[in-house]
Amino acid sequence: MASSVEAVIISGPRRGEIVQLSDEAIAEVSDADITALNEALDGLLVALDHVAAEVRATLAVLGEQVRES
């Protein structure tokens, strides 16, 4: 594991601030856990790509319907 870990605050008045986490605040995470998380995130990106493609296709069809009317 890295000697220091940083995190980005994602909400509240300190949103976007990068903070360094203390050793006490970090739970031990195994390489297998990190691999599983990365695989899950890859799957999420693929699913989001599919949703984006469906939205684009739907907008294209709706655009054609508007032009036809």
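The values are calculated or read from the model by the stated rules, or taken from the named source; none is laboratory data. Bear in mind that the values here come from a model prediction, so they are computed numbers and not experimental data. Neighbour counts run over all protein chains shown; Cβ positions are idealised from the backbone, glycine included.
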Subset of region 24-69, residues over 30 Å from SER4 (Cα atoms) and outside any helix (DSSP H, G or I), comes to SER69
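Out of everything in region 2-13 that is part of a loop (DSSP other than H, G, I, E, B) and surrounded by fewer than 11 Cβ atoms within 10 Å (Cβ to Cβ), what residue ends up being modelled with the lowest pLDDT? I'd like the intermediate steps shown before the answer.
Our first condition is that a residue be part of a loop (DSSP other than H, G, I, E, B); within region 2-13, this holds for 2-4, 9-13.
Then keep just the ones that are surrounded by fewer than 11 Cβ atoms within 10 Å (Cβ to Cβ); that gives 2-4, 10-13.
Details: ALA2: 49, SER3: 64, SER4: 76, ILE10: 90, SER11: 90, GLY12: 91, PRO13: 93.
Looking at the filtered set, the residue picked out is ALA2.
Among the listed residues ALA53, ALA25, ALA57, which satisfies the condition of being surrounded by 10 or more Cβ atoms within 10 Å (Cβ to Cβ) and under 18 Å from the mean Cα position of the chain (by Cα)? Can you show your working first?
On the way: ALA25 fails: under 18 Å from the mean Cα position of the chain (by Cα); ALA57 fails: under 18 Å from the mean Cα position of the chain (by Cα).
ALA53 is the lone residue from the list that is surrounded by 10 or more Cβ atoms within 10 Å (Cβ to Cβ) and under 18 Å from the mean Cα position of the chain (by Cα).
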